[in-house]
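Quick notes on the structure that follows.
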Amino acid sequence: MNQWKNLNELTSYQKLGQNGRVDLTCAMAGEEGTVRVKKYNAPMAAGMTYYYAAKQVDDAILKDLCALAEEAQLASKFEELYNGAVINTGEKRLVLHHLTRGQLGGAVNADGTDKRAFYTEQQRKIAAFAKKVHDGEIVNEKGEAFTTVVQIGIGGSDLGPRAMYLALENWAKKNGCFKMEAKFISNVDPDDAAGVLGTIDPSRTIFILVSKSGTTLETLTNESFVKEALKNAGLDASKHMIAVTSETSPLAGNSDYLAAFFMDDFIGGRFSSTSSVGGAVLSLAFGPEVFDRFLRGAAEEDKLAAGKDPMTNAAMLDALIGVYERNVLGYPATAVLPYSQALSRFPAHLQQMDMESNGKSVNRRGEAVDYPTGPIIFGEPGTNGQHSFYQLLHQGTDIIPLQFIGFNENQAGMDVTIQGSTSQQKLSANVAAQIMAFACGKQDENRNKHFAGNRPSSIIIGKQLTPEALGALLSHFENKVMFQGFLWNLNSFDQEGVQLGKILAKRVLAHETDGALNTFSELLGI
Ligand SMILES: O=P(O)(O)OC[C@H]1O[C@H](O)[C@H](O)[C@@H](O)[C@@H]1O
């Protein structure tokens with residue numbers, strides 16, 4: 001039986017920090033640095049590896065972190081989760097996103113159905129629909145093929161699928177499986193919908209309305225916006241729109257759609273990329289086989305995350321090191337820095353996944369916790385970030401732990417040699433250089449040019465960003481966030497913090513405001 005204790009109630013947590021601190025300026029310099037890189041790594045799926053040599057850990061600290069994992073019962077809590085326990089205590093729900101890509105434990109039955117069977121059935125229906133669109137069996141009113149897909153959704157119904165689409169776009173083009181271009185409308189700012197509609201031919205477009213709840217103001221507004229545009233173009237919206245929603249949502253029974261695919265309340269929006277939410281757009285854009293490969297990568301990584309030994313469980317280890325940095329070393333933020341243009345929106349997706357999950361001040365019983373929880377997450381792809389905010393990362397007053405991601409090969413297979421190196425080599429040289437610059441710093445008598453170093457980073461390295469590698473990366477971070485939630489004793493699966501703003505906005509629109517809210521409304525021209 002698992003015990004859900006606060007982090008600071010654990011004896012192993014109280015001992016953390018008693019083993020001294022690692023000084024990376026020494027540890028990563030010279031031969032010792034080489035030994036650390038060879039020793040401090042853990043395998044991931046799809047041939048990737050998680051390297052943590054440049055984190056402020058050593059054998060003694062890692063031993064303490066393993067003791068923490070054991071006492072916090074991380075492995076058996078995950079087991080409880082994937083076997084269908086009510087882990088989302090706030091909403092009294094199961095947490096089943098792992099089941100959308102594999103089955104780690106026993107059968108999970110809820111709502112009178114086997115949930116794995118439900119998710120695979122939805123995936124099968126999406127695959128059949130996508131095939132019909134690609135084969136010209138489902139066409140527009142004039143009998144023409146659909147060429148474009150536009151996803152309408154926000155938050156988890158946008159960020160993950162968008163990041164995944166961008167991550168595989170060039171790969172799919174290069175590998176002959178690019179079927180349809182995808183675009184995304186998320187913001188209620190009318191310029192977002194107008195901007196996308198201005199670049200497509202609506203008559204050749206399938207719109208996917210994605211909303212788990214079926215009640216999100218932005219998404220429903222954008223649906224009406226698009227329907228209006230279709231009507232104005234003389235098109236029948238019901239022949240151009242499909243829906244992805246939960247079976248209990250108000251949209252579920254609506255027959256206005258060409259097709260409808262389902263997820264359920266046991267899949268959190270920010271964990272829904274491997275459900276129908278990501279499945280519809282990715283299967284239409286790249287074909288169901290590519291989506292399947294993406295799921296297989298995630299499933300393989302989930303299996304590693306289910307391992308009991310943190311030293312061979314990259315997600316668990318990453319989570320433990322993150323908690324050590326947050327709660328013992330006191331670092332406030334984490335930057336996600338992929339050296340891969342394809343992962344340009346991956347940091348934005350992780351921002352929601354992490355901050356909406358672990359940005360909480362009460363534990364899973366609703367009691368206030370008196371230790372820091374989820375860090376601030378931000379990031380941009382390298383090398384762009386280097387020419388932007390890295391100044392603060394190198395010389396600012398806060399130490400920000402960094403999570404790099406890099407690959408040996410690019411996706412499009414186009415490159416050029418300039419001044420003796422390819423662009424890919426320049427990209428990889430930069431990330432290697434950054435790791436060492438952050439860790440070791442540089443002495444200089446001129447304080448302005450002095451780098452203190454001791455700024456920790458990890459890097460995940462893979463051969464190439466393939467569908468499997470992308471699935472594994474996604475799973476790694478989902479599971480890391482889950483393990484951190486266990487350590488902080490949070491419910492990582494609800495998001496009450498987004499409600500207040502929504503309620504006040506409704507009040508503004510209904511002109512039911514007074515005081516400063518009224519003044520702001522007037523200033524904004526409402
Ligand atoms: O998919 P939907 O129900 O439309 O929800 C879209 C998003 O909006 C909410 O406000 C939550 O903050 C997100 O977790 C969710 O992903």
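The values are calculated or read from the model by the stated rules, or taken from the named source; none is laboratory data. What you see is a predicted model, and the numbers here were worked out from it, not measured in a lab. Note that we place each Cβ from the backbone using ideal geometry, even for glycine, and neighbour counts take in every protein chain shown.
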Taking segment 203-212 and keeping only residues that are under 22 Å from ILE126 (Cβ atoms) and either out of contact with any Ser or Thr (no Cβ under 6 Å at 6 or more places or on another chain) or of a type in the set (Gly, Ala, Ser) (or both), one is left with ILE206, PHE207, ILE208, LEU209, SER211
Hey, any hits in segment 269-277 for a residue that's in contact (Cβ under 8 Å) with a residue 12 or more places away in the chain and away from the ligand (no atom under 16 Å from the Cβ)?
-> no
So which residues in segment 206-231 are more than 20 Å from the chain's Cα centre (by Cα), farther than 14 Å from VAL150 by Cβ and of a type in the set (D, E, K, R), if there are any at all?
-> GLU218, GLU228, LYS231
Checklist (1) at pLDDT 95 or above; (2) within 16 Å of the ligand (Cβ to nearest atom) applied to LEU166, failing item = (2)
What pairs can you find where one residue is in segment 379-394 and farther than 11 Å from PRO347 by Cβ, the other is of a type in the set (Asp, Glu), and their Cβ atoms are less than 8 Å apart, with a gap of 6+ or different chains?
-> SER388/GLU380; PHE389/GLU380; LEU392/ASP398
By residue number, the members of segment 431-452 that are basic (Lys, Arg) and within 24 Å of the chain's Cα centre (by Cα) are none
What pairs can you find where one residue is in segment 246-261 and farther than 24 Å from LYS132 by Cα, the other is in a loop (DSSP other than H, G, I, E, B) and within 11 Å of the ligand (Cβ to nearest atom), and their Cβ atoms are less than 6 Å apart, with a gap of 6+ or different chains?
-> SER249/SER213; SER249/GLY214; PRO250/GLY214
Report whether or not LYS239 is in contact (Cβ under 8 Å) with a residue 12 or more places away in the chain, basic (Lys, Arg) and away from the ligand (no atom under 16 Å from the Cβ).
-> yes
Take the residues of segment 493-526 that are within 16 Å of the ligand (Cβ to nearest atom) and of a type in the set (S, T, N, Q): which is nearest to SER76 (Cα to Cα)?
-> GLN495
Among the residues of segment 190-220, count how many are of a type in the set (A, V, I, L, M) and more than 16 Å from the ligand (Cβ to nearest atom).
-> 5
PRO161 passes all but one of (1) closer than 30 Å to GLY84 by Cβ; (2) more than 16 Å from the ligand (Cβ to nearest atom); (3) touching a Leu at 6+ places or on another chain (Cβ under 8 Å); (4) not β-branched (Val, Ile, Thr); which number fails?
-> (2)
Output the number of residues of segment 150-205 satisfying the condition of being on the phi > 0 side of the Ramachandran plot and either without any contact (Cβ under 8 Å) to a residue 60 or more places away in the chain or not assigned by TED's automatic domain parsing to the domain that holds LYS227 (or both).
-> 1
Going by the structure shown, is LEU490 over 18 Å from the mean Cα position of the chain (by Cα) and either within 14 Å of the ligand (Cβ to nearest atom) or aliphatic (A, V, I, L, M) (or both)?
-> yes
Does segment 453-474 include one or more residues that are under 23 Å from the mean Cα position of the chain (by Cα), under 21 Å from LEU159 (Cβ atoms) and free of Cβ contacts under 8 Å to residues at least 60 places away in the same chain?
-> no
Can you tell me which residue among VAL149, VAL196, VAL133 is in contact with a strand residue (DSSP E or B) (Cβ under 8 Å, 6 or more places away or on another chain) and assigned to a strand (DSSP E or B)?
-> VAL149
Do we find that LEU402 is crowded, with 20+ Cβ neighbours inside 10 Å, among the hydrophobic types (A, V, I, L, M, F, W, C) and not assigned by TED's automatic domain parsing to the domain that holds ARG162 in this structure?
-> yes
